[in-house]
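The values are calculated or read from the model by the stated rules, or taken from the named source; none is laboratory data. Values in this document were obtained by computation on a predicted structure and should not be read as measured data. Here the Cβ positions follow ideal geometry from the backbone for every residue, glycine too, while neighbour counts run over all protein chains shown. With ligands, DNA and RNA removed, areas are computed over all heavy atoms of the protein, side chains included. Shrake-Rupley method; radii C 1.70, N 1.55, O 1.52, S 1.80 Å.
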Amino acid sequence: LAIAGVLIPSFLLPGRLLLLGQQVAPLALVAIGQTVVVLIGGLDLSVGSVLTFSLVLGAGIARGSNELLPLAIVVCLGAGALILLVNGLLVTRLRLPALISTLATAVMVDGAAWVYTNGAPNGSMPELLQFAANGRFGIVPAADIIVALVFAAVLILLTRTVFGRQLYAVGANPRTARLTGIRVERITVIAYVLCGTLAAAAGLLLGGYIAAGTLKA
């Protein structure tokens, strides 16, 4: 941003920054979720695969219908949470390295996406989701508002709740956190589940972009 602002003075105009925020909204949701996992000293390499799976699954369920959108959202967010729940259990119960276990999960989720679509994505995203990705309230993109709300909610969760304090404690020193009575495994699993839910939400938003023609598949 700094370099672009120096080379292209108009780059930092409010309208362009809002547009940039709209374009990177799916990545921002993934980053927010990944941040929660990183704070506990973890890592998840499957978020990109979860995003893709959520995109194709949501399109296949909704098939362009606003009436089916709630079902698509529930199924996709649930799938993302379930996949990362498995990752959390692999890390906490089987004591597998996060780098290896989440990479293996990513490969399996990619395979599941190929099986679900038979190698050729079908279906489409409904107009409501397209508006969420590409619509505006005045000059402010709807996607920017969604990311801002998610960011604020996670920030409050991390800084104003007992869970947030416990999460930081686990990331700082798991052994000390366990000795103080914190259920380290439980906090770890919840962090992964939250990450998976946001990665799935990012997939739905990216699907809205593609359906609206903002981004090319």
With +1 at each Lys and Arg Cβ and -1 at each Asp and Glu Cβ, the charge dipole magnitude of the chain around its Cα centre, to the nearest 20 debye, comes out at 620 debye
For 144, 44, the accessible-area ranking with a 1.4 Å probe, largest leading, is 144, 44
Neighbours of residue 92 by Cβ distance under 9 Å: Lys/Arg at +1, Asp/Glu at -1, summed charge +2
Counting only residues 5 or more apart in sequence or on a different chain, those whose built amide H sits under 5 Å from that of residue 136 are 142
With the label point 7 Å along the Cα-to-beta-carbon line of residue 163 and a cut-off under 18 Å to each amide N, the hits in the stretch 8-40 are 29-40
Along the dipole axis of the chain (charges at Cβ: +1 for Lys and Arg, -1 for Asp and Glu; origin at the Cα centre), the most positive-end residue among 156, 179, 199 is 179
Taking r as the C-beta separation of residue 110 and residue 186 and R0 as 35 Å, the FRET efficiency to the nearest 0.05 is 0.75
Stretched fully, the stretch from residue 7 through residue 131 gains (0.36 nm per residue minus C-alpha distance, one decimal, in nm) 41.4 nm
Over all viewing directions the Cα convex hull of the stretch 93-141 casts an average projected area in nm² of 6.4 nm²
Checking 161, 52, 188 against a Gaussian network model of the chain (alpha-carbon springs below 10 Å), the top fluctuating residue turns out to be 161
GNM on the chain, Cα springs under 10 Å; top mean-square fluctuation among 31, 153, 81 goes to 153
Note to self, the chain gives a 222 nm [θ] from helices alone (DSSP H runs n ≥ 4, -39500 (n - 2.57) apiece, / all residues, nearest 500) of -24500 deg cm²/dmol
Candidates 45, 29, 12; GNM for the chain (alpha-carbon contacts under 10 Å) flags as most fluctuating 12
Interchain or sequence-distant (5+) residues whose placed amide H lies within less than 5 Å of the amide H of residue 65 are none
Rounded to one decimal in nm, the spacing of the 7 Å Cα→Cβ label points at residue 19 and residue 175 is 5.4 nm
Here the gain from full extension of residue 118 to residue 151, 0.36 nm per residue of separation minus their alpha-carbon distance, amounts to 8.3 nm
